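Scroll down for the structure; my scribbles are underneath it.
The values are calculated or read from the model by the stated rules, or taken from the named source; none is laboratory data. Predicted model only: the values in this text are computed from it and were never measured. Backbone-built Cβ (ideal geometry, glycine too); neighbour counts: all protein chains shown.
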Amino acid sequence: MKLLKKLFKLVFCIVFIPTVIIATIIVYQGYSLYKDAITNMPLNDKISNIRNDKNYIYSYDIPTTLKNGTVAIEDHRFYNHNGFDVISTLRAIITNISNKELTSGGSTITQQLAKNLYFSQSKKFSRKIAELFVVHELEKNYSKDDILELYLNVIYYGDGYTGLNNASYGYFNKSPKELSLYEQTLLIALPNAPSVYALSEDNTYTYTRQQYVIDAMVKYGYLTKEEAKKIK
């Protein structure tokens, strides 16, 4: 029994204490990164600047199916979590452990918005922590519709087009509300990997991703099988 207690204490000292110390350092670094970001540009000011852009498009001018499709493919529990999806994060952790590198982030739409507002594409853990502090502010001060609207205005669609309005006119020379369902599902497919799926590339990957978008919309009840068949 005494030997077991000594072994337990040894494991505790070797594993648990260093883990707590490392985690504390990462959280502190993340919080410092967050504080620096919002000190330089408070969240409300950042969003005001984005909304003042001439190409900004408000939710009422974005097709409902395009919004629903974005939620289906990017974050299907978007309306049911507070900006952080535990299930997706656990799945991403398992993937990262399997790949032995930080390849999957399990990011929600709110997390992706936070990253695009303030942070680089760096996959450091401290950046992910900083992102979560911004996520908390976004979820506390803005509605889900506001967050989705902002996301669609800052996300990159490839070929130099940032934001839905720019992508819609750039690829199809029409406003988002004039897009067909086929065109909408093509645009929804792009942000996952803009350099791969950009429409100027005209490769099979783009259309495979579009099929995946359509199937996700059916799976989560945003399209019927008949509607999906017509789009395909």
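Here are a few things to note about the model shown:
- Between LYS177, LYS140, LYS128, LYS144, the distinction of being more than 24 Å from ALA193 (Cβ to Cβ) and within 15 Å of the chain's Cα centre (by Cα) belongs to LYS144 only.
- If the condition is being closer than 21 Å to ASN68 by Cβ and surrounded by fewer than 18 Cβ atoms within 10 Å (Cβ to Cβ), then the range 149-174 contributes TYR156, PHE172, LYS174.
- Number of residues in the range 180-205 that are crowded, with 20+ Cβ neighbours inside 10 Å and among the polar types (S, T, N, Q): the value is 2.
- Verdict on TYR222 being among the aromatic types (Phe, Trp, Tyr), within 21 Å of the chain's Cα centre (by Cα) and not in a helix (DSSP H, G or I): yes
- Subset of the range 16-56 (residues that are surrounded by 12 or more Cβ atoms within 10 Å (Cβ to Cβ), modelled with pLDDT under 90 and of a type in the set (Ser, Thr, Tyr)): TYR28, TYR31, SER32, TYR34
- Near pairs, Cβ below 9 angstrom, 6+ apart or cross-chain, from the range 41-62 (touching a residue at least 60 places away in the same chain (Cβ under 8 Å) and within 25 Å of LEU181 (Cα to Cα)) to any residue that is part of a helix (DSSP H, G or I) and of a type in the set (Val, Ile, Thr): TYR56/ILE50
- Filtering SER88, SER59, SER126, SER98 for residues that are at pLDDT 85 or above and among the polar types (S, T, N, Q) leaves a single hit, SER59.
- In this structure, GLU227 does not satisfy being crowded, with 20+ Cβ neighbours inside 10 Å, part of a helix (DSSP H, G or I) and of a type in the set (D, E, K, R).
- Listed by first and then second residue, the pairs linking a residue in the range 188-212 that is within 12 Å of TYR161 (Cβ to Cβ) and touching a residue at least 60 places away in the same chain (Cβ under 8 Å) to a residue that is buried (at least 17 other Cβ atoms within 10 Å of the Cβ) and of a type in the set (A, V, I, L, M), with Cβ atoms under 8 Å apart and 6 or more places separating them unless they lie on different chains, are PRO191/ILE155.
- Of the residues screened, THR204 is not one that is under 18 Å from ILE57 (Cβ atoms) and either in contact with a Gly (Cβ under 7 Å, 6 or more places away or on another chain) or of a type in the set (Val, Ile, Thr) (or both).
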